[in-house]
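The values are calculated or read from the model by the stated rules, or taken from the named source; none is laboratory data. Since the model is a prediction, treat every value here as computed from it, not as a measurement. Don't worry about glycine lacking a Cβ; one is built from the backbone with ideal geometry, like all the others, and counts go over all protein chains shown. SASA here: full protein model, heavy atoms, side chains in, ligands and nucleic acids out. Shrake-Rupley method; radii C 1.70, N 1.55, O 1.52, S 1.80 Å.
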Amino acid sequence: MTLTMQKSNNGIRQRLRPYLAPIIFMSADYLAVILTGLISTGIYDLEIDPSYIYLWLPLTFLIFLAQARAYVTMQPIIYTVRSIFYAGTYGLVAYIVALYFFTDWMAARSFFVVFWLVLLITLYIERLLI
């Protein structure tokens, strides 16, 4: 490879990075939230409609992560940890309120604490791996 080919490849990567990084992070976050839902409901042996696990739960948390600017720019790890913490906490509160008002699904309070802890751990690990 010549030096000009290396420069052009780096130039293409640099131009695509702002567009591909958010898509990669959103996809990984989507999978992490689904994994969290499956783990948490499996621990407590709870039945919940699959649309909540695969659509509404991830959508709620992705909205809060996007609002926390987790997909806009690359940030130092401490800022990423903080935004994931706040987005996870606010997303959980919003999800609990939505479950309370729109469904008759009931779960123990400890379920939501376990869900929150597993969510934070999976999101942190997923971000570190990516």
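Express the relative contact order of the chain as a whole percentage, based on alpha carbon pairs under 8 Å and six or more residues apart in sequence.
With pairs under 8 Å counted, the relative contact order is 33 percent.
Please give the contour-minus-distance gain from ALA21 to GLN67: 0.36 nm per residue of separation, less the Cα-Cα distance, rounded to one decimal in nm.
Here the answer is 14.9 nm.
Could you work out how far helix 109-129 tilts from the main Cα principal axis of the chain, as a 0 to 90 degree angle to the nearest 10?
10 degrees
Could you sort the peptides 61-69, 41-49 by per-residue average Cβ neighbour count (10 Å cutoff), highest mean leading?
Top of the packing list down: 61-69, 41-49.
Can you pull the percent of the chain's accessible area that's carbon plus sulfur, 1.4 Å probe, other chains left in place?
Here it works out to 70 percent.
Using square roots of five times the C-alpha gyration tensor eigenvalues, list the equivalent-ellipsoid semi-axes of region 11-130 in whole Å, biggest first.
Semi-axes, largest first: 28, 14, 13 Å.
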